[in-house]
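Reading through the structure tokens given below for one structure.
Please treat every number below as a calculation from the coordinates, not as lab data. Computed from a prediction, not measured in an experiment: that's the story for all the values here. Quick reminder, even Gly has a Cβ in these numbers, built from the backbone with ideal geometry, and neighbours come from all protein chains shown.
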Amino acid sequence: MEYYIIEGGRRLNGEVSITGAKNAVLGLIPASILCGCASKIENVPDIRDVQKYLDILEKLGVEVYREQDNLYLNTENIESSDCSPYEEEIGKMRASYYLLGALLGRFGKAVVPLPGGCSIGDRPIDQHIKGFEALGATVKIRHGMVYVEAEKLTGARIYMDVVSVGATINIILAAVLAEGVTYIENAAKEPHVVDVANYLNLMGANIKGAGTDTIRIYGVDSLHGCEYSVIPDQITTGTYMMMAAATQGNILIKNVIPRHMDAVSAKLREMGVQVIEEDDGIRVIGKRPLKPVKVKTLPYPGFPTDLQQPMAVLMAVANGSSSITESIFENRFKYIDELRKMGAEATVTGRTCTFNGVEELSGTRIRATDLRAGAAMVIAGLIADGETKITDIHYIDRGYEHLEDNLRNLGGIIRRENSGNEEA
Ligand code: EPZ
């Protein structure tokens, strides 16, 4: 079992370059199924979830070739849209639900294992199903498999009961080759939704309004290949911004889109952190004491739920009382117990966690309870007094590329070790 050992108390200074957005590329890869030919995606991050997705597509018959951050896919010879034989691999990855929309859109049918829930909530797919049925598909769930089929997909007006990134993207995937116009109302506006729409439009789709509340998809007969570059990862960018703020460092975060970070930049400035937008990046200069703040996670352009956990570490050592309300997922505070082991004073009441800021956290043995909680544990280790051991870091490998190399380049003291057995 691999784990991190971090020596706290070092200020992080220097530069870090941000690579492609995980939650965009996990939509772009299945979207490639729709063109039935060769396409190229640039700026693809080297993270475990991407590799897992490519392994699944290869099993379906997709030709996959990767050269550094360039990804070449040829989806001409997909032999089947039945993914049930790969339940083991697919079940572990939430974004596998996009196989439903992409295979339904291309072949008119699909069988995909129900994506698992995880430690942040039960993660239902009722809004995905609502969209597929509105387009004319029948959907059945049997023995953990989702069966979706349609004689013909016809455009429809769909009002989302919940703002859902996954459902918005999945309905777009199913609608691009449907007959007629599809309206998705109350759609998610995240940058990665826009990225998938831009990729599909470059392939010949006709999608209007991505990034607004209402997305219109005018069905086309077919798509062609294209070359596309993934947008920078908004969540990775925010994570490094918070590392600079927490360690009182000075980091230039390059290859970012500053507009995507507006909610995060505003909140850090409220805490007294310097956030300077430069041509090709954002410079963050942290200083203590951090002022207390209130945060509520919201769909984009609000404060991202995926940065709730990293932000909590700043609150744990800010002056006075801060609070964070998690309005997106019902169970995203499991990691608070780990922060308490380090001396954080935090109280969770329903969907709100309130912090009474402490002078200092102290290093100890903690674990990553999910991907973004893992990032928060790294930040806590970077600022704690003494040494911190973080286990279950496989979660972190799912979404952060070359994390320890980047932190060492910024002056952090972190190393990855392997206990050689299940228990680290
Ligand atoms: C995506 O998950 C991201 N994952 C998540 O990032 C991110 O936290 C989330 O969007 C919100 O931004 C990927 O893109 C692979 P949702 P998704 O559908 O699509 C409810 C990370 O760390 N809902 O926007 O699953 C749902 O329960 C991960 O990178 C329904 O009720 O999120 C939640 O409360 C974690 N019915 C809310 O909507 C549905 O059919 C938002 O979920 C779908 C969702």
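Report the calculated FRET efficiency for ASP126 and HIS224 (r = Cβ-Cβ distance, R0 = 35 Å), to the nearest 0.05. Between ASP126 and HIS224 the formula returns 0.55. Structure remark: mean-square fluctuation, Gaussian network model of the chain, C-alpha springs under 10 Å; the largest value among TYR65, TYR400, TYR199 belongs to TYR65. Taking every lysine pair in the stretch 22-229 that is 8 or more places apart or spans two chains, those with Cα atoms closer than 25 Å amount to 28.
With contacts taken as Cα pairs under 8 Å at a separation of at least 6 residues, the chain carries a relative contact order of 21 percent. Between the stretch 1-57 and the stretch 371-406, the C-alpha centres lie 16 angstrom from each other. Working note: 222 nm ellipticity from helices only, DSSP H runs with n ≥ 4, each -39,500 (n - 2.57), summed and divided by the residues of the chain, gives -9000 deg cm²/dmol to the nearest 500. Taking 0.36 nm per residue of sequence separation and removing the Cα-Cα distance, the GLU2/GLN51 pair yields an extension gain of 15.8 nm. How large is log10 I(q)/I(0) at q = 0.13 Å⁻¹ when the Debye formula is applied to the Cα atoms of the chain, each weighted equally and without solvent? Listed by q, the Debye log ratios stand at -1.11. Of all DSSP-defined beta bridges confined to the chain, some 70% are antiparallel rather than parallel.
So, counting K/R as plus one and D/E as minus one, what does the shell of residues with Cβ under 15 Å around ASP213 add up to?
After counting each charged neighbour, the total is +1.
For the stretch 271-424, the square roots a ≥ b ≥ c of the C-alpha gyration tensor eigenvalues yield an a/c under 1.5, which makes the shape rounded. When the square roots of the Cα gyration tensor eigenvalues are ordered a ≥ b ≥ c, the ratio a/c for the stretch 22-229 is under 1.5, which makes its shape rounded.
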